[in-house]
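The values are calculated or read from the model by the stated rules, or taken from the named source; none is laboratory data. Source: prediction; values computed, not measured. Virtual Cβ from ideal backbone geometry, glycine too; neighbours counted across all protein chains shown.
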Amino acid sequence: MKFNPEKLSIRDQRMKSFINPDEIWHIINNTKPDKRRVKEVIAKSLDKNRLTLEETAVLINADDPEVIEEIKAGARELKEKVYGNRIVLFAPLYIGNYCSNNCKYCGFRSSNTEAVRRTLSDDEIVKEVSALEDNGQKRLILVYGEHAKYSAGYIAHTVKLVYGVKKGRGEIRRVNINAAPLDIEGFRTVGEAGIGTYQIFQETYHPEAYKWYHLAGKKSDYDWRLTGLDRAQEAGVDDVGIGALFGLYDWRFEVLGLVRHTNHLEACYNVGPHTISFPRLKDAATINMNKDFEVKDNEFKRLVAILRLAVPYTGMILTARESHDVRREVIKFGVSQIDGGTKIELGSYSDIKNEEQNLNREQFMINDARSLAEVIDELLDDNFMPSFCTACYRLGRTGEHFMEFSVPGFIKRYCSPNAALTLAEYLVDYADEQLAEKGWRAIERGLTVLDADVAAKTRGRIERIKKGERDLYF
């Protein structure tokens, strides 16, 4: 039983609204940082302790350029302590864009009559997954509009379909989900299909702003969405992801909203979110959003570093919404997952004739359209270790078990060798000669910093991979 009553100070807060906007604004407006206090907060984070709302506000309100650089440096150091230099790679696969919601910022919204609506057939899903496997992808996130077509049973069906596609040496080893909140039974159905993380983004944590953006459909119910991951936990789906769409409301409030959500999950279920996402509002079909809450590049870089320090053990996802240049810089502040070779138009991975983005067929514009190989190449240049690892999910290191491994820092013992093994697979199966040469050098450098016994076992498994074995992990 995940629920731990000793974690609660007054009463059971499961599946109840936990965001108090007055409380959050009071903390923001009444927290006065100084350099000494900022250093204390950074030091606490570097000891691998999650920050409180007040401590996070100290970092948010620190606007001296020199102090901001200290925050970024702390985020870089913390990322290295917890995750090493590995970056996990994935790709999104859009399954269908029918949607009954009417969200002002989204190209899928029901009032957008120019949108070309479709749901991939089973055959089309197989073709898409085959194309993704041909590029070396091992981890996908399936994306669905919120519509009666995309029931829990249908989502489970598509997950099983994806796992069943094997092309050559290709296979998808982990399927994450980005879909509407479900009831408890629905989450059980999807969980039994063997998913990885179930993501639900609150978009904005401010209730009044949320109401203004979400005009119709089930998504207009703020509390139903906010408590969606509580129902997931109750159903046994203990690996969940949260996120906010930055640009809908004040970024400072959203950062504290994400931290408050993390606190809630830890208090009620003894485990926080596995991932936090922080997409920025981008162009979408027929929208004309105001710029009141636009997040500038310098603010975006700050908030990513602050989130890394606030939640040391949570994976952070940076998507292709951001430009190549922004991604290359921000990834250093503690990001642990990025997508590569991303296409978001339905059916576009297998349709090599259609290379141009079309807003009438997409949810938003992407700004980093590089291939997976190009992304890997640059990661290697920047001394990161590309990883397709999915070991934790197959070995039960999720939820509370993941926290047991990650909180003391033990996860690095698994992440680094598993990253090397999955990169070795990619180099043998998909890389050209130049990329392979660069990748093998990176693997060798990575092995030299491992414990001698772990390094020796990793080398042995790499030799087995070169001889044709696959899916070896610690």
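Is one or more of the residues making up region 364-386 part of a helix (DSSP H, G or I) and at pLDDT below 95?
Taking every residue of region 364-386 in turn, none turns out to be part of a helix (DSSP H, G or I) and at pLDDT below 95.
Out of the residues in region 273-310 that are of a type in the set (Gly, Ala, Ser) and at pLDDT 95 or above, state the one that is farthest from Val335 (Cα to Cα).
Ala310
Taking Ala431 as meeting all but one of (1) modelled with pLDDT of 95 or more; (2) not in a loop (DSSP other than H, G, I, E, B), write down the number of the exception.
Status for Ala431: all satisfied but (2).
Can you spot a residue in region 303-316 that is part of a helix (DSSP H, G or I), within 21 Å of the chain's Cα centre (by Cα) and basic (Lys, Arg)?
Scanning region 303-316 turns up at least one residue that is part of a helix (DSSP H, G or I), within 21 Å of the chain's Cα centre (by Cα) and basic (Lys, Arg).
So that you can scan it fast, the table gives a plain yes or no per residue for (1) at positive phi; (2) surrounded by fewer than 22 Cβ atoms within 10 Å (Cβ to Cβ):
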residue: Thr204; (1), (2): no, no
residue: Ala216; (1), (2): no, yes
residue: Lys219; (1), (2): no, no
residue: Tyr222; (1), (2): no, yes
residue: Leu226; (1), (2): no, no
residue: Ala232; (1), (2): no, no
residue: Gly236; (1), (2): yes, yes
residue: Ile242; (1), (2): no, no
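I'm told Thr158 meets every condition in (1) of a type in the set (Ser, Thr, Tyr); (2) buried (at least 21 other Cβ atoms within 10 Å of the Cβ); (3) more than 29 Å from Glu425 (Cβ to Cβ) except one. Can you identify the failing condition by its number?
(3)
Okay, residues lined up against (1) assigned by TED's automatic domain parsing to the domain that holds Ala62; (2) within 25 Å of Asn367 (Cβ to Cβ); (3) basic (Lys, Arg):
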position: Val240; (1), (2), (3): no, no, no
position: Leu258; (1), (2), (3): no, yes, no
position: Pro279; (1), (2), (3): no, yes, no
position: Lys291; (1), (2), (3): no, yes, yes
position: Arg308; (1), (2), (3): no, yes, yes
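For Gly272, only one of the following conditions fails: (1) over 18 Å from the mean Cα position of the chain (by Cα); (2) assigned to a loop (DSSP other than H, G, I, E, B); (3) farther than 29 Å from Ser110 by Cα. What is its number?
Single failed check for Gly272: (1).
Out of all the residues in region 216-230, is one or more without any contact (Cβ under 8 Å) to a residue 60 or more places away in the chain and farther than 29 Å from Ile195 by Cβ?
Scanning region 216-230 turns up no residue that is without any contact (Cβ under 8 Å) to a residue 60 or more places away in the chain and farther than 29 Å from Ile195 by Cβ.
Name the one entry in Lys104, Lys72 that is among the basic types (Lys, Arg), in the same structural domain as Lys211 (by TED's automatic domain parsing) and in contact (Cβ under 8 Å) with a residue 24 or more places away in the chain.
From the options Lys104, Lys72, the qualifying one is Lys104.
Does Tyr349 qualify as being modelled with pLDDT of 95 or more, within 27 Å of Thr197 (Cα to Cα) and aromatic (Phe, Trp, Tyr)?
Numbers: modelled with pLDDT of 95 or more: yes; within 27 Å of Thr197 (Cα to Cα): yes; aromatic (Phe, Trp, Tyr): yes.
The answer is yes for Tyr349.
Report, ordered by the first and then the second residue, all pairs with beta carbons closer than 7 Å, sequence separation of six or more or different chains, a first member in region 292-317 that is under 14 Å from Asn49 (Cα atoms), and a second member that is among the aromatic types (Phe, Trp, Tyr) and at pLDDT 95 or above.
Hits for this filter: Leu307/Phe278.
Does Val259 fit the bill of being of a type in the set (A, V, I, L, M) and within 25 Å of Glu133 (Cα to Cα)?
No; evaluated as a whole, the condition is false for this residue.
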